[in-house]
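Note sheet for the following structure.
The values are calculated or read from the model by the stated rules, or taken from the named source; none is laboratory data. A quick note: this is a predicted structure, and the numbers were derived from the prediction, not measured. Cβ placement follows ideal geometry from the backbone for every residue including glycine, while neighbour counts extend to all protein chains displayed. Accessible surface areas use protein heavy atoms only, side chains included; no ligands, DNA or RNA. Shrake-Rupley method; radii C 1.70, N 1.55, O 1.52, S 1.80 Å.
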Amino acid sequence: MPLFCDVALAVPLDMVFTYAIPPGMEPVVGGRVLVQFRQQRMSGIVVELHDRPPQVKTKKVIEALDLSPVLDEQLLKLGKWIADYYLAPIGEVFRTMLPLSAEFKRSVEYRITDEGRMALHLAGMSGSPARSKRTPEQQLVEFRVLDYLAERESVREERLRGATRVAKPLLSGMLRKKWIAREDVSAARDAARIVKVAVLVAAETGVTGINESDDGAPGVPARLDVPEVRHHTNSAKKLNKNQRTLIETLAASGGRVPVEALRSLEVPRTTLGTLVRRRLIELVDEPQAGSNPPKLKPRQSPFEFEFSAAQKEALGKIGEAVASRKFAGLLLHGITGSGKTAVYLACMRQVLDQGRSSILLVPEIGLTPAVAADLHQVFGDEVAILHSGLSNAERAEQWHRIRRGEARVVAGTRSAVFAPVSDLALIIVDEEQDSSYKQEETPRYHARDVAVMRAKMAGAVVALGSATPSLESYYNAKKNKYALVELPDRVERRPLPEVEIVDMRQEFQETGQEQVISRKLAEEIRERLEKKEQVMVLLNRRGYSPVVLCRACGKTLQCKNCAVSMTHHKRERKMECHYCGHVEHIPDKCAHCGSEYVYFVGTGSEKLEELLHGMFPQARIGRLDRDTVRGREDFEHALNALNEGALDMLVGTQMIAKGHDIHGVTLVGVIGADMALGLPDFRAAERTFQLLTQVAGRAGRGQSPGKVVLQTYFQEHYAVQFAARHDFAGFYEKELQFRAWMHYPPYSAIANVLIRSEKLDDALTWSGELGRWFEKTRHEGIRVLGPAAAPITRLKRDYRYHFILKSPSREKMNTLLRGMLAEAAARKIPRTQVIVDVDAVWLM
């Protein structure tokens, strides 16, 4: 039996930690163990068992949490590759790969002891707890704790402290007096499947007046009269409007409602806490029901129509590659509306019929409901969904279903690439060019590239699909690293939409004023509404106004944590930073000079919706952006409304641009999509072309032809011109010339090294030290640019300076970056303050 194990912990250190294995304990490689790290208990993944004694005294493993590996040999190998390639701590990589945090978060629970019950009894007789050195206020809190625990079997610490306002030192004192007992909740308890439910305590409160409904049906509350509540102090207390709303909602729902469902009520969150303290409502933990399939209206089955010759060819090539049981990479380049999704589903059905597994990646949570609805329609209960929008409980439940083999078809966002499927045959990456596949926190992996590597390790097929492939993927296909499969036509030979460009500079000259909606776009919208057809309008900017400007001194309202302007949100009456989330009141005067001439500049999606309501008062208009979509249900509701014809027009950000198949939409208006061309980013043209092409593809997907009105201030720019002509090949050739001249991908690998600190002096000092190290270190074949201030010089309180590294050799660049990290460690620069982003997609 091995004496030691090496454990990867989720800490920002590039190393594993050795622990001694106690007699009788049998941890497994790839399984989780509970260990003591510094002053806290942490779970980690065992990466090796051995008998090599370390040079220092070792701590013992506290508990082995798994009898079998949660990460098999292949996933362990993939995690080690990610850690090596992206220079990320191995423990943080494994934490990202496992959506089981809810299961190994060890919580603390308290229960009352016999001594505590006796103390509570004596306190009830004498009016205070037993003889104590505590102050009267502290004794009162102790009484509340004992009283609260006496009515319950056990209570979690956070719930106990929230209900009784007890401080930790006071709990420690009660533990010493043995009035209460503390218990660490075992990881074996399935905490991942518990949901908090609000329960109406009508019997205790004396709430009366739940009338029968108008038709006399018993048990169906029509109105709830709550004139007063008999509280434990016998004082009569009236309920305010918010409290009455909560009570009535609970009563109408049978007295039990999940707390999460109460969030939709327009009442402050503190209202629930007040009613809990007054013992009108009790919060209880109940088992979580299985996650529900998406509620999107079922669409036509992708197998109900005849596949085109190109679709059949694509299906045949992917099927042939899967049958070979060898690694193969394919790039499925199909124009918008060419039926890529149908090909995906047909391939996945073939794989399932063979008893093997497949994974489908989509870039954003917003696309997951539509894809999941299609998958549920085709595969039923064989589907599992994985994405960050699920609760910890839901993600853990889906993960276990996959691991048990109950679901062989997996769909989700980038984290789904780590799904523990067995006998993996096919990974499909839809919209492979999307920047959402790149994680912007440690580990900074790219899910598309990880999918390629996982398929390679598994001997599986990876298919990358897009109407606008990334230049890197298309370049690889042209160099025969991937097989290129084309879908050049829309299904049923439907035409691509006509694109009309409106030059907003000329619009200004002719109208004499700045226009948000051009005359041409307004005319086209009016015509579609008269024909009872649907319209989409894209403005890729949230909020009402993006800038607040003082006309007296010319300064803008900046976020106190970031070097960016605060955005005005009119409906919510606030100013918000879209980077750090900081919120302020709407200013009535300038913070710099005190002038009252405060001016709101620019237009966001909220203001656009308001303008369109004013221009077309009879139209039913919806908005889809991160301000209106708080969860999966909001997204599904908006898309269902558009699908069912309940909306005439949908306004939104890039959330409306990708993947949605709405047959009633015949007009797409694009406002300000060329704004990104002014950003200091070498991918600005590529992103603009992709966004314009994708949103144009939402028009004309049904029987009626579509049209796109594209408003721009950069009419001559090649990205705009090629997008208007639906000419990907032309854009690719043009953009490739610039990339070659400037040594950017796909001709070179790129890495962004960011130095950050809340103190400007530290950021300057550290970046200067590393800059001098780069200067004196030989790095043949590697270009190092910097240090320089990042385009956004301050973000989330951190000052930011960066280096950009370019090299045709990834191996040489990786070696140099490792040397740089070693130098930073030698100079005592904290590892968390040096961010290495390999294959960076965002250089701001």
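Below, the figures for the structure above:
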{"read-out": "In the stretch 453-492, the residues that are crowded, with 21+ Cβ neighbours inside 10 Å and closer than 27 Å to residue 12 by Cα", "value": "454"}
{"read-out": "Conditions (1) within 33 Å of the chain's Cα centre (by Cα); (2) touching a residue at least 24 places away in the same chain (Cβ under 8 Å); (3) open to solvent by less than 60 Å² (accessible area, probe 1.4 Å): number failed by residue 789", "value": "(2)"}
{"read-out": "Filter result (open to solvent by 50 Å² or more (accessible area, probe 1.4 Å) and without any contact (Cβ under 8 Å) to a residue 40 or more places away in the chain) within the stretch 248-260", "value": "248, 252, 253, 254"}
{"read-out": "Only listed residue being open to solvent by 30 Å² or more (accessible area, probe 1.4 Å), closer than 24 Å to residue 505 by Cα, touching a residue at least 24 places away in the same chain (Cβ under 8 Å) and out of contact with any Cys (no Cβ under 8 Å at 6 or more places or on another chain), chosen from 744, 713", "value": "713"}
{"read-out": "Qualifying residues in the stretch 593-645 (those that are aromatic (Phe, Trp, Tyr) and modelled with pLDDT of 85 or more) - the one farthest from residue 578 (Cα to Cα)", "value": "616"}
{"read-out": "Failed item, numbered, when residue 805 is tested on (1) out of contact with any strand residue (DSSP E or B) (no Cβ under 6 Å at 6 or more places or on another chain); (2) under 21 Å from residue 747 (Cβ atoms); (3) without any contact (Cβ under 8 Å) to a residue 60 or more places away in the chain; (4) open to solvent by less than 70 Å² (accessible area, probe 1.4 Å)", "value": "(1)"}
{"read-out": "Qualifying residues in the stretch 544-560 (those that are outside any loop (DSSP other than H, G, I, E, B) and open to solvent by less than 30 Å² (accessible area, probe 1.4 Å)) - the one farthest from residue 516 (Cα to Cα)", "value": "550"}
{"read-out": "Unique match (being touching a residue at least 24 places away in the same chain (Cβ under 8 Å), under 30 Å from residue 795 (Cα atoms) and surrounded by 20 or more Cβ atoms within 10 Å (Cβ to Cβ)) among 414, 395, 408", "value": "414"}
{"read-out": "Positions within the stretch 753-782 being free of Cβ contacts under 8 Å to residues at least 24 places away in the same chain and not acidic (Asp, Glu), in sequence order", "value": "765, 768, 772, 776, 778"}
{"read-out": "Residue match in the stretch 648-656 (condition: modelled with pLDDT under 85, open to solvent by less than 10 Å² (accessible area, probe 1.4 Å) and in contact with a Leu (Cβ under 6 Å, 6 or more places away or on another chain))", "value": "yes"}
{"read-out": "Candidates 419, 372 - the one that is of a type in the set (Gly, Ala, Ser), over 22 Å from residue 457 (Cβ atoms) and open to solvent by less than 30 Å² (accessible area, probe 1.4 Å)", "value": "372"}
{"read-out": "Criterion: over 30 Å from residue 331 (Cβ atoms), out of contact with any His (no Cβ under 7 Å at 6 or more places or on another chain), open to solvent by 40 Å² or more (accessible area, probe 1.4 Å) and modelled with pLDDT under 90 - qualifying residue of 500, 514, 527", "value": "514"}
{"read-out": "Residue match in the stretch 615-625 (condition: in a loop (DSSP other than H, G, I, E, B), in contact with a helix residue (DSSP H, G or I) (Cβ under 8 Å, 6 or more places away or on another chain) and among the aromatic types (Phe, Trp, Tyr))", "value": "yes"}
{"read-out": "The stretch 722-741: number of residues that are touching a residue at least 40 places away in the same chain (Cβ under 8 Å), within 25 Å of residue 339 (Cα to Cα) and either of a type in the set (S, T, N, Q) or not in a loop (DSSP other than H, G, I, E, B) (or both)", "value": "5"}
{"read-out": "Residues satisfying the stated conditions in the stretch 9-41, i.e. open to solvent by 50 Å² or more (accessible area, probe 1.4 Å) and either among the charged types (D, E, K, R) or part of a strand (DSSP E or B) (or both)", "value": "14, 26, 36, 38, 40, 41"}
{"read-out": "Residues of the stretch 742-764 satisfying the condition of being among the basic types (Lys, Arg) and part of a loop (DSSP other than H, G, I, E, B)", "value": "759"}
{"read-out": "Residue check for residue 323: open to solvent by 10 Å² or more (accessible area, probe 1.4 Å), without any contact (Cβ under 8 Å) to a residue 12 or more places away in the chain and hydrophobic (A, V, I, L, M, F, W, C)", "value": "yes"}
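Okay, residues lined up against (1) assigned to a loop (DSSP other than H, G, I, E, B); (2) basic (Lys, Arg):
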{"site": "766", "(1), (2)": "no, no"}
{"site": "772", "(1), (2)": "no, yes"}
{"site": "781", "(1), (2)": "yes, no"}
{"site": "785", "(1), (2)": "no, no"}
{"site": "801", "(1), (2)": "no, no"}
{"site": "806", "(1), (2)": "no, yes"}
{"site": "814", "(1), (2)": "no, no"}
{"site": "818", "(1), (2)": "no, yes"}
{"site": "835", "(1), (2)": "no, no"}
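Listed here are the residues, each with its yes/no results for (1) within 30 Å of residue 565 (Cα to Cα); (2) among the aliphatic types (A, V, I, L, M); (3) out of contact with any Ser or Thr (no Cβ under 7 Å at 6 or more places or on another chain).
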{"position": "476", "(1), (2), (3)": "no, no, yes"}
{"position": "506", "(1), (2), (3)": "yes, no, yes"}
{"position": "531", "(1), (2), (3)": "no, no, yes"}
{"position": "537", "(1), (2), (3)": "yes, yes, yes"}
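The rows are residues; the columns are (1) in a helix (DSSP H, G or I); (2) within 28 Å of the chain's Cα centre (by Cα).
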site	(1), (2)
49	no, no
55	no, no
69	no, yes
76	yes, yes
80	yes, yes
